[in-house]
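Inspection log for the structure reproduced underneath, given as C-alpha cells.
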Amino acid sequence: WLLVAARALLQLLRSDLRLGRPLLAALALLAALDWLCQHLLPPPAALAVLAAAGWITLSRLARSPRLPVATRAVLITGCDTGFGKETAKKLDAMGFTVLATVLDLNSPGAQELRACCSPRLRLLQMDLTKPEDINRVLEFTKAHTTSTGLWGLVNNAGLNDVVADVELSPVATFRNCMEVNFFGALELTKGLLPLLRRSRGRIVTVGSPAGDMPYPCLAAYGTSKAAIALLMDTFSCELLPWGVKVSVIQPGCFKTESVTNVNHWEKRKQLLLASLPRELLQAYGEDYIEHLHGQFLHSLSLALPDLSPVVDAIIDALLAARPRHRYYPGRGLGLMYFIHFYLPEGLRRRFLQIFFISHCLPRALRPGQPGTATAQDTPQDPNPNPSPVAAR
C-alpha cells in the first residue's frame, strides 16, 4: 500500500492522474483484493499479487503525456455534422491546421465552420463513394502539407440508412454502408499513408459498438464497422515499424444531428416499406416495421447530448505520447462489453434487445395468423406411434 500510495501521489503531482471516481473505485477494488489475498494466499504471494494489481491499475488510470500541437496538420472526414464538426472546431482552437471534408460546401455545418474557425481551417468537398473526390482531396493534402507534413487522419465519415432485420434490408444498403464506412476510408487511408509514414503520425477511426456486438436491426451498419475496425487492427500491426499509431473510437449513443433527424428516418422507413416484396411484407407485417422504427427512435431519444467525450478521445488519440488502441467514450459501454464477452448468449441477446430494440413477433408467427408453413410443407413423422421416450 505504501508503494501504491507513493506512485499515486507522484502521478497526481505530475498531473498524470486525476482525482475522481475512477481512482476511488480502483482503490476500493484494490482494498477488496487485499482482503481476499490475506485470507486465501500466503503472505509472499499476497504481497506480489497486490503489488502487481496496484501497479497495473495505476498504469491504466494514468493519462499519457500530450505532445505539443506546434504546426501539426490533421485531415478530418465527415465534418458536416456531429463528431467531425465538433472535432474540427476544437482542433482549430488548439492551433492545428485542419483540413475538414464535407459532403456539401454550403451545408449548415460547413457555414458554421467558416464562421467560427480560423483561416487555418480549409473546407474540402468529398464524397467517399466517388474516387475522383478522394483523388482531389489527396492531391490537395499533398500540396498543402509540404511545410508542416500531415500528422493525423481522422476517419469520421459514416453512413447508416436503414434500421431493419437483415431479411428486410436491401442488399444495396449493405453495399452503400461498405462503400462509405469501409472502402472509402480504406482508399483515403492508403492514399495518405506516405505522408503519415513520413511524419510518424496517427490514424484515428470512429467505429461503433455495433461492429463488436449484434445490435438488432443494424446489420448493414455494424458489418461495415466491424470490417473497418479489423482493417485498422491490421494497419496497427503493419505500421508499427514506421512509428504510425492507430486508434479506433467506439462511441456510445450520442445526439448528433444526422442520428436524431426524425424526418430522415421516417423517409427511410417509407422507402423500405415501398421496396419490400409483397410476400415478405405479409410475413412480417407493416406493424412489425413500425414497431422497430418506434423502438429505434425511442433509443435515440436517450442519447447523450454532450459530444465532448468523443472529441476528447479523438484528441487524445492524436496527441497522447502513448495513445490507446481502443477508446470507449459513452455511458454504460463498460457494462455492455462485459455482458457481451462474459455472459451466456441468451443474456447477451436479451440485454441488447432491452437496451436498444425489443422485437415483437412477425405477423406470420402470431397466434391465429396464417403461418408461412402449411401442413403440406411439414415433414411427416415416419413413426406415427412413437414411444413416450421418443415423444419427449
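The values are calculated or read from the model by the stated rules, or taken from the named source; none is laboratory data. Predicted, not measured: the structure shown is a model, and the values here were computed from it. A quick note on method: Cβ atoms are made from the backbone with ideal geometry, for glycine too, and the neighbour counts reach across all protein chains shown. For the accessible areas, the whole protein counts, side chains as well, though only heavy atoms, and no ligand, DNA or RNA atoms are used. Shrake-Rupley method; radii C 1.70, N 1.55, O 1.52, S 1.80 Å.
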Is it fair to say Thr81 is over 25 Å from Ala321 (Cβ atoms), at pLDDT 75 or above, within 34 Å of the chain's Cα centre (by Cα) and crowded, with 16+ Cβ neighbours inside 10 Å? yes
In this structure, does Ala45 turn out to be aliphatic (A, V, I, L, M), surrounded by 14 or more Cβ atoms within 10 Å (Cβ to Cβ) and either more than 24 Å from Gly149 (Cβ to Cβ) or touching a Cys at 6+ places or on another chain (Cβ under 9 Å) (or both)? no
(1) under 24 Å from Gln250 (Cα atoms); (2) modelled with pLDDT under 95; (3) not basic (Lys, Arg) all hold for Val98 apart from (2)
Restricting the search to region 89-109, which residues are open to solvent by less than 20 Å² (accessible area, probe 1.4 Å), in contact with a helix residue (DSSP H, G or I) (Cβ under 9 Å, 6 or more places away or on another chain) and either of a type in the set (Asp, Glu) or more than 17 Å from Thr145 (Cα to Cα) (or both)? Asp92, Val102, Gly109
Among the residues of region 160-168, is any closer than 29 Å to Ile315 by Cβ, at pLDDT below 95 and not charged (D, E, K, R)? yes
The residue that is farthest from Leu347 (Cα to Cα), considering only those in region 184-197 that are in contact with a helix residue (DSSP H, G or I) (Cβ under 9 Å, 6 or more places away or on another chain) and open to solvent by 30 Å² or more (accessible area, probe 1.4 Å), is Pro194
When every residue in region 200-245 that is open to solvent by 30 Å² or more (accessible area, probe 1.4 Å) and among the charged types (D, E, K, R) is compared, the one nearest to Leu318 (Cα to Cα) is Lys245
Filter region 192-206 down to residues that are assigned to a helix (DSSP H, G or I) and of a type in the set (Gly, Ala, Ser), then give me how many there are. 1
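Picking from Arg114, Arg63, which residue would you name as being open to solvent by 10 Å² or more (accessible area, probe 1.4 Å) and modelled with pLDDT under 95?
From the options Arg114, Arg63, the qualifying one is Arg63.
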